[in-house]
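Some notes on the structure that comes next.
The values are calculated or read from the model by the stated rules, or taken from the named source; none is laboratory data. Worth saying up front: this structure is predicted, and the values here are computed from it rather than measured. Here the Cβ is made from the backbone with ideal geometry for all residues, glycine too, and neighbour counts use every protein chain on show.
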Amino acid sequence: MPKDIQGIAASDGVGIAPAYLLTSPDLSFKRRRVADTDQEYRRVKEAFTASIADLRQIKENARRRLSDKELDVFDAHITILSDPEMLGQIKSEIDTLQVNAEEAVSKVTGNFANMLAAMKDNQYMQERATDVRDIAKRTLSHLLGKKLPSLAAITHPVVIVADELTPSDTSQMDPKLIKGIVTNRGGRTSHAAIMSRTLRIPAVVGTNDITANVQNGQLMVVDGLSGTVVVDPSDAQVDAYQRKAAGFDERTAEWARLVDAPSISKDGQCFEITANIGTPDDVNDVIKQGAEGIGLFRSEFLYMNSDHLPTEDEQFEAYRRVIINMQGKRVVVRTLDIGGDKPLPFLPLPREMNPFLGYRAIRLCLDHPEIFKPQLRALIRASQYGPLSIMFPMIATVQELRQAKQIFNECKAELQVKQPGIGDDIRLGIMIEIPLAAVNAGNLAREVDFFSIGTNDLIQYSFAADRGSDAVSYLYQPLNPAFLSLVKHVIDAAHKHKITVAMCGEMAGDKWALPLLMGLGLDVYSMSASTVLRTRSMMSKLDTRECRRVVTDAINNCSTDRDVKMLVKNSLNIK
């Protein structure tokens, strides 16, 4: 009997093949008291050394399949295994409690993984707990003398089914044989999800219980487009999914032909499709996918991936590299957006009942010019290498914006003493993500060169619904007619004052929202690089005159987001 299971669509495509349950050896052990603590510590060091050798070999074997960015994760694992602090904690555990190596490794790595997993408001940090578990599993396998499974040994087409996949698992996969990936745990930003997209393997993650619902050899369908998994599909279902897979392959080939094409609607209206990035390494994918610029460089990841506040020179090199690699296409950098769901271990912040509404982003930067000014100086220095825009996040009032501009102008004046004219071509903008800023868009538009609507936070604040809470996830409603009215107000106010409007939240790449945004007159659409070509293709098939009629109907005559979706679907024949 066919069984449908729903999860998170993590990598596009459709795969059909027998299930391969990825099971690890039993790594259980008994806690023992030991007399020779030095010998136990030597065992730990030997296991760490062997694990590092494993990772180096896996990285080398994966080099032909993965980009430098994906391969970096192995260097990160090796760095952790080489960290004297980690070894020091394990040694202290052995010496103080006189326990065996397995117990000390398990306890120290377990505490670290649990700390990361407990960061409920930070999915990125939560998913790094997987990396720590991967390191612990590999080390324990050496301590216990048990071999970990090797996906490189698979010789026939399969769908990998696992509780969770580690980077070392996915790096061993041959895309010609691995037709799909399904896991109990994980999200779209996990390493397994990122690598599956790189390898173009359809993936569905976060199913909760797939391992309990499938046996080795059972036929499976993995629909990475919808997040659906079918166990024991009927012949009719297999035929239907094979047609869906063929259709997706055709569309992918069609999208690839648009890499160098402009972003133009069916009736000849020009738009701009840009990409969001978190690190300088992401630029390669931006160029490969034909984005017309970078609409959001999340600069906080330069801080989150460091063990110290990045210096002005360190930041300058990162920004310069991105701007040069974009070869004359505009780069928009968001200034430091720390706080809320993005803490920094080396920058302790006061504990707050609701950090999303507290001391974060521009509020923190205005209060700490010693942090803000080095970033602005680095950006101004980098601007001489290509078109650069700077946008300030979390602006609520005109006063905050003017303070930020004043600090920017101070930095520019300091640098122009030795380099006259540097920074004069920089465009300044703000994120519209606070409802008050959206309502007050007319006054704010007089102060800046552009707006960028951050829909992830604007929706969260407008609906008073924490986007990290599953219980209120139903209130993530970008198609809600009232919310569309708010977006319309922002765009109309910006255009009245002759400035452009971008959108850099998830809504910009949503296929149901695209026609509405085109009808509203949004100028720039910034999204994940993997969505650029699909969006450009869809945009070329839409007539802005029809889109305007639909958005007017949606705002004036629809009551719910479901009404709007049905209107878009029926009026524009979107599937």
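Here are a few things to note about the model shown:
This table checks each residue for (1) touching a residue at least 40 places away in the same chain (Cβ under 8 Å); (2) closer than 18 Å to ALA445 by Cα; (3) in contact with a helix residue (DSSP H, G or I) (Cβ under 7 Å, 6 or more places away or on another chain).
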{"position": "LEU458", "(1), (2), (3)": "yes, yes, yes"}
{"position": "ALA471", "(1), (2), (3)": "no, no, no"}
{"position": "LEU475", "(1), (2), (3)": "no, no, no"}
{"position": "VAL490", "(1), (2), (3)": "yes, yes, yes"}
{"position": "ALA493", "(1), (2), (3)": "yes, yes, yes"}
{"position": "VAL501", "(1), (2), (3)": "yes, yes, yes"}
{"position": "TRP512", "(1), (2), (3)": "yes, no, yes"}
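- Filter result for ALA47 (surrounded by 18 or more Cβ atoms within 10 Å (Cβ to Cβ), small (Gly, Ala, Ser) and in contact with a strand residue (DSSP E or B) (Cβ under 9 Å, 6 or more places away or on another chain)): no
- Residue check, GLN57 modelled with pLDDT under 90 and either in a helix (DSSP H, G or I) or more than 29 Å from the chain's Cα centre (by Cα) (or both): yes
- Residue among GLY454, GLY442 that is in contact (Cβ under 8 Å) with a residue 40 or more places away in the chain, surrounded by fewer than 16 Cβ atoms within 10 Å (Cβ to Cβ) and of a type outside the set (Phe, Trp, Tyr): GLY442
- Of all residues in the range 227-285, those that are more than 29 Å from MET503 (Cα to Cα) and hydrophobic (A, V, I, L, M, F, W, C) total 8.
- Qualifying residue in the range 468-477 (condition: among the acidic types (Asp, Glu) and within 22 Å of LEU436 (Cα to Cα)): no
- Residue selected from the range 263-305 under the condition free of Cβ contacts under 8 Å to residues at least 24 places away in the same chain and outside any strand (DSSP E or B), by the criterion farthest from the chain's Cα centre (by Cα): GLY268
- Residue check for LYS91: over 34 Å from the mean Cα position of the chain (by Cα), modelled with pLDDT of 90 or more and not β-branched (Val, Ile, Thr): yes
- The residue that is surrounded by the most Cβ atoms within 10 Å (Cβ to Cβ), counting only those in the range 198-223 that are over 19 Å from HIS156 (Cα atoms) and of a type in the set (S, T, N, Q), is THR207.
- Residue match in the range 66-85 (condition: among the hydroxyl-bearing types (Ser, Thr, Tyr), outside any helix (DSSP H, G or I), at pLDDT below 80 and crowded, with 18+ Cβ neighbours inside 10 Å): no
- Candidate set from the range 22-44 (those that are outside any loop (DSSP other than H, G, I, E, B) and of a type in the set (D, E, K, R)); member that is surrounded by the fewest Cβ atoms within 10 Å (Cβ to Cβ): ARG33
- Residues in the range 1-21 that are surrounded by 14 or more Cβ atoms within 10 Å (Cβ to Cβ) and either modelled with pLDDT under 90 or part of a loop (DSSP other than H, G, I, E, B) (or both): GLY7, ILE8, ALA9, ALA10, SER11, ASP12, GLY13.
- So LYS412, is it over 21 Å from VAL564 (Cα atoms) and not β-branched (Val, Ile, Thr): yes
- Only one of PHE301, PHE271 that is surrounded by 15 or more Cβ atoms within 10 Å (Cβ to Cβ), under 23 Å from LEU514 (Cβ atoms) and among the aromatic types (Phe, Trp, Tyr): PHE271
- Residue, farthest from GLY15 (Cα to Cα), within the range 176-205, restricted to residues that are part of a loop (DSSP other than H, G, I, E, B) and modelled with pLDDT of 90 or more: ASN184
- Residue list for the range 554-575, filter: polar (S, T, N, Q) and loosely packed, with under 15 Cβ neighbours inside 10 Å: ASN556, ASN557, SER559, THR560, ASN570, ASN573
- Every pair of residues 6+ apart whose Cβ atoms lie under 7 Å, when the first sits in the range 533-551 and is closer than 18 Å to VAL487 by Cα while the second is small (Gly, Ala, Ser): THR544/SER265; THR544/GLY519; CYS547/GLY519; ARG548/GLY519; VAL550/GLY519; VAL550/SER571; VAL551/GLY519
- Filter result for the condition that a residue is at pLDDT 95 or above, surrounded by 19 or more Cβ atoms within 10 Å (Cβ to Cβ) and not polar (S, T, N, Q), over ILE277, ILE294: ILE294
- Restricting ALA275, ALA291, ALA382, ALA378 to residues that are within 27 Å of VAL524 (Cα to Cα) and touching an Asp or Glu at 6+ places or on another chain (Cβ under 7 Å) narrows the list to ALA378.
- Residue ID - farthest from THR535 (Cα to Cα), chosen from residues in the range 486-514 that are under 24 Å from the mean Cα position of the chain (by Cα) and part of a helix (DSSP H, G or I): VAL487
- Boolean, SER530 is among the hydroxyl-bearing types (Ser, Thr, Tyr), on the phi < 0 side of the Ramachandran plot and assigned to a helix (DSSP H, G or I): yes
- Flag if SER226 is exposed (fewer than 14 other Cβ atoms within 10 Å of the Cβ), in contact (Cβ under 8 Å) with a residue 12 or more places away in the chain, under 15 Å from LYS3 (Cβ atoms) and out of contact with any Leu (no Cβ under 9 Å at 6 or more places or on another chain): no
- Top-ranked residue of the range 96-147 - restricted to ones that are surrounded by fewer than 17 Cβ atoms within 10 Å (Cβ to Cβ), modelled with pLDDT of 85 or more and aliphatic (A, V, I, L, M), ranked as nearest to SER51 (Cα to Cα): LEU144
- Answer from VAL551, VAL472 - the residue that is of a type outside the set (Ser, Thr, Tyr) and either surrounded by fewer than 18 Cβ atoms within 10 Å (Cβ to Cβ) or not in a helix (DSSP H, G or I) (or both): VAL472
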